[in-house]
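Let me begin by presenting the structure, written as structure tokens, before commenting on it.
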Amino acid sequence: MSVRLPWLTGEADFPDPNRALTEPNGLLCAGGDLNPARLLRAYARGIFPWYNAGDPILWWSPDPRGVLWHEDLHISRSMLRLLKQRHFRVSTDRDFRSVIQGCAAPRPYADSTWIQPAMQEAYHRLHELGHAHSIEVWDSQEQLAGGLYGVCMGRMFYGESMFSRQDNASKYALLVLSRWLAAHACPLIDTQFPNPHLLSLGATTWPRAQALVAITDLSQQKVNLPWGNWIEFNDLI
């Protein structure tokens, strides 16, 4: 790596996210570990880990930031019809490990994944502590068709990754999660780096400083979400 980065050691805290590099966009610091306390401190400040095998742990806070307000989510007529037909069933936290493994599986457009075994185990620990959550999409044969996972703090959901084994399953997971969070007074999903796929679904970009205000404020507002249940569609349509 040709840039000089702050290096996290011991219990060292994160630098100010607004001091992140512009190239590569949002790279803030390196090192440290993936223990739950550090991960939660990072998310509360709008920072997240993302690194490839063989690299040190890298921490990011991009500018601009991808965010999704639930009222902006684009729902196509075909997707709304699919929701009403109840072709899939959706649950939360029923099979977190399978969801994160699905997200880590090879993709046709990528040779490797950033969701390495160490990352999987770190988020599974967060899940066991009640901070990381999964959305599972099941088909009529009770097979896992797709899903997504992320971290929830207060009224803030930080999306990490999603996957599909059947057409539209990941979009279906995002749609149901978005409506479910909105119904429980959680207005915003952090999508981290903007990308064309999420932007086409209604995500937008905010300057980092603006996004961090919303993220830190919402993450401190406590709410009791009923994770671990099936999501009932009658409340979402």
Please indicate, with yes or no, whether at least one residue in region 92-115 is basic (Lys, Arg), crowded, with 16+ Cβ neighbours inside 10 Å and touching a residue at least 40 places away in the same chain (Cβ under 8 Å).
yes
Failed item, numbered, when Arg38 is tested on (1) in the same structural domain as Phe14 (by TED's automatic domain parsing); (2) surrounded by fewer than 17 Cβ atoms within 10 Å (Cβ to Cβ)
(2)
Are there any pairs with C-beta distances below 7 angstrom linking a residue in region 1-27 that is at pLDDT 90 or above to a residue that is loosely packed, with under 10 Cβ neighbours inside 10 Å, with the two at least 6 apart or on different chains, and if so which?
Leu21/Val3
Among residues belonging to region 58-81 that are modelled with pLDDT of 95 or more and in a loop (DSSP other than H, G, I, E, B), point out the one that is farthest from Pro194 (Cα to Cα).
Ser61
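Counting residues that are aliphatic (A, V, I, L, M), at pLDDT below 95 and closer than 20 Å to Trp227 by Cα, which helices (runs of 4 or more DSSP H) fully inside region 82-191 reach at least 3? Step through it out loud before you land on a result.
On the way: elements: 96-104, 117-128, 169-183.
Counting at least 3 such residues, we get 169-183.
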Close pairs from region 203-217: first more than 26 Å from Lys171 (Cα to Cα) and in contact (Cβ under 8 Å) with a residue 24 or more places away in the chain, partner among the hydrophobic types (A, V, I, L, M, F, W, C) and part of a helix (DSSP H, G or I), Cβ under 7 Å, at least 6 apart:
Thr216/Ala44
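Could you go through region 56-71 and let me know if any residue there is closer than 17 Å to Gln166 by Cα, more than 16 Å from the chain's Cα centre (by Cα) and not assigned by TED's automatic domain parsing to the domain that holds Ala12.
So the first thing to find is which residues in region 56-71 are closer than 17 Å to Gln166 by Cα, and the list is none.
No - not one qualifying residue is present in region 56-71.
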Can you run down the residue pairs with Cβ atoms below 8 Å, 6 or more apart or on separate chains, where the first is in region 125-138 and hydroxyl-bearing (Ser, Thr, Tyr) and the partner is not in a loop (DSSP other than H, G, I, E, B)?
Ser134/Thr92; Ser134/Phe96; Ser134/Val99; Ser134/Ile100; Ser134/His127; Ser134/Gly147; Ser134/Leu148; Ser134/Tyr149
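The values are calculated or read from the model by the stated rules, or taken from the named source; none is laboratory data. Here the structure is a predicted model, which means the values were calculated and not measured. Here the Cβ is made from the backbone with ideal geometry for all residues, glycine too, and neighbour counts use every protein chain on show.
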